[in-house]
1. Calculate how large, on average over all directions, the projected area of the Cα convex hull of segment 276-526 is; give the answer in nm² to one decimal.
2. Going by amide H atoms built from the backbone, whose H comes under 5 Å of the H on Leu179, apart from near neighbours?
3. How far is it, in nm, from the label point at Glu53 to the one at Tyr455 when both lie 7 Å from their Cα along the line to the Cβ?
4. Say each of Val210 and Asp492 gets a label point 7 Å from the Cα, pointing the same way as Cα to Cβ; how far apart are those two points in nm?
5. Given N residues in segment 109-255, what is its alpha carbon radius of gyration divided by 2.2 N^0.38 Å?
6. Sequence-distant or interchain residues sharing an amide H contact under 5 Å with Lys432, placed H: which?
7. For Tyr383, Tyr338, which order do you get if you count the other beta carbons within 10 Å of each Cβ and list the fewest first?
8. Using the alpha-carbon centroid of each, what span in Å lies between segment 421-452 and segment 294-361?
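Every read-out reported here was derived from the displayed coordinates using simple, explicitly stated rules and does not represent laboratory data. None of these values were measured; they are calculated from a predicted model. Cβ: placed from backbone, ideal geometry, glycine included. Neighbour counts: every protein chain shown.
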Amino acid sequence: MKSATDPTPEPNPQDREAIARSAVAEPIAKVLEPLLNSPDTLLVHKTQMGGTEAFIGSVTLDWLDRKVGYASQLPLFKRHLNPETGNVERVADTVEDILQRPLDWSRQLPLAQYLATHKAHKFPALLVVICPSWVNHPKAFEWDEEGRATESAIAFQGLDSGGQLGLLHLSSDVSVFALDGQHRLMGIQGLMRLLRSGKLQPYTKVKKAVGEPITFADMAEVSTLTPEEMRNLASETIGIEFIPAIVPGETRAIARQRVRSIFVHVNLMAVKLTKGQLALLDEDDGFSIVTRQVAVTHPLLMEKRDRNPRINWDSATVASKSTVLTTLQALKEMTQRYLSDRFPHWLSPKPGLVPMRPDDDELDEGMQELRRLLDALASLPSYQRLERGEETPVLRRFSFEKPGGESNILFRPVGQVAIAQGLGVLVFQQKKPLVSLFEKLRSFDAKGGFNGIEYPESLWYGVLFDPSKRRIRVAGRDLAAKLLVYILGGIDEPMDRAELRRGLAEARTFENRAVNFEGRFVKPREIKLPNIL
C-alpha cells in the first residue's frame, strides 16, 4: 500500500506528448475561437501555383448557399443578365467578360437529390473567386494612375512566420462566385431550398418549371438517410479554394484573362466519363451493377486469351472494323429494358429522382435472369458462329460496305437492345417461358430472319435500316421490339395489331410509296404484318 510520501509516477512518453500538445493547443484555440465563430472569417492554408496565390479551407453547405453566387451575378453583368435563366447574354459588351459556361438548371434536382438520398455522398471542392466591390470601380483608391491594382482582392492575415496558415476576411462588400463547381453550388442551393421550404421545383435547362415540385417526403421515401440526417446536411462541410479576382500590379483586363484561363485549364484537364464508364463505375443503379457483373463472367462476353474482346467498355458505338460484339452501354440498356418489368422499383420512382441501390438478394436474382437471357442468346445459330471462330465485322457490316457483310442485327447494339426489350415484355409481362420463345427464335435465325436488313424481304427493313440514307435507324428500336413481340405471339388485340401494322407501313414508306416484303412499291395500307412464328 502506497504511503502519502510516495512520489507521483512519471507519465509515459505518449501522455507527456499529449500534455504538451494540449498546453500549446488550448491558448491557440482561445485566440482563434472568437474569430472562427464569425461567418466573415475562415481559417485557410495558402498555396502558390502558376503565379497565383490560392487559399484552401472548408465551409458548411449552409455557408456556401448563403455566401457564394455565380459569376453572372456580378455587378458588371447587371445590364445584360437574363433574370429568368441567371445567364449573361452574349453581346459585344459582355463576350470578353464571361467567365463560365451557361447554367443548366435541369441539373439542380438530380444533384440535390444525390446529396439528400445517398449516405456516402461526396462533392469535390469548389474553386471560387473573391471579388471586393472596389474591383468594379475604376476610380477606387485601390487602383493607381495606370489602372493597376495596388492590393490583392483577398484580405489574408497570416498566423505563422511563413504566412502559410491564416485567416481569410470576407467583409460585407465582398462578392464570392463559383468559378469551377457552379453546378455543384446549384445542387447545394437546391438542397438548402428543399430543407427550408420542404419542396424543390424541377427545371428545364433554361429554368422553366417542369412537372410538380419534389417534396421532402418524396426524397425521404427513396433516401438511405433518416429524415433527421437529411435535415442535418446543412451543417456538413465541403472543401473550397479561393483565388483573388485581381492581384497587385494587374489591370482589370489582365486579371480577367487570368481568371478565364484558370477556368478553361481546370476543365480541359478533366475528361468527362462516357456512359459506358459510368455504367462500369455506378454503385447505385441496379441495372449497371447487374450488367457489369455478368459481363465479366458470362461465356458469351467474358474475355478469353484465345479470342478478341467481345465488349467495348468505353464507347457507345461499334466501328465497322471492330471485332467486339457489343458495348457496355448497350448491355446496360439491354439489361434495363429486359428487367424493368421484373424490377420496376429499380427505375426512378418520380422524374428527377435517382433510384436507390437494390439489396443483394435482388441483385443476385437480376444477375440470374440476365444470365438466362444471355445463355439463350448464345444458343442462336448466329452467335454459335462466333464459337466456330468467325468474327463479328463480316456478320455486322452491310452488303454494300467493303468488304461486304451479312448485316445481322444481332451484331448491332440497336438490334440487341430491341430484342432484349421485346423479350422482357414477353417473359415478365406476359409470363411466356424463355425456353419456348427461343425455340422459335432459333428457327427464325436459322432461316436468316436477323440477316440482310437492307433488303425489303427483311422484317427490319425501314425499321432498323434506313434505305434512303443507307444506315442504321436507331429511332426504330421500339417498333422493332414490338415486331419481335408480335412474331412471337405476344400481340392478340385487333387494335394493337392495327396500330403495329400502321407503324410498320410508315417505316417502309418513302415519299408516299411503301415497299412491301417482295420489294414492290405499294400503297401504305397494303403493307401487311408478317406471319407469326
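1. On the way: hull surface 57.9 nm².
One quarter of the hull surface, i.e. the mean projection, equals 14.5 nm².
2. Excluding prolines and chain starts, which carry no amide H, the hits are Leu127, Val128, Val129.
3. Here the modelled spin labels are 7.7 nm apart.
4. Once both label points are built, they end up 3.9 nm from each other.
5. Details: Rg = 19.9 Å, N = 147, 2.2 N^0.38 = 14.7 Å.
Normalised Cα radius of gyration, segment 109-255: 1.36.
6. Those lying under 5 Å, H to H, from Lys432 are Val427.
7. On the way: Tyr383 19, Tyr338 25.
Going from sparsest to densest Cβ surroundings: Tyr383, Tyr338.
8. What the calculation gives is 20 Å, centre to centre.
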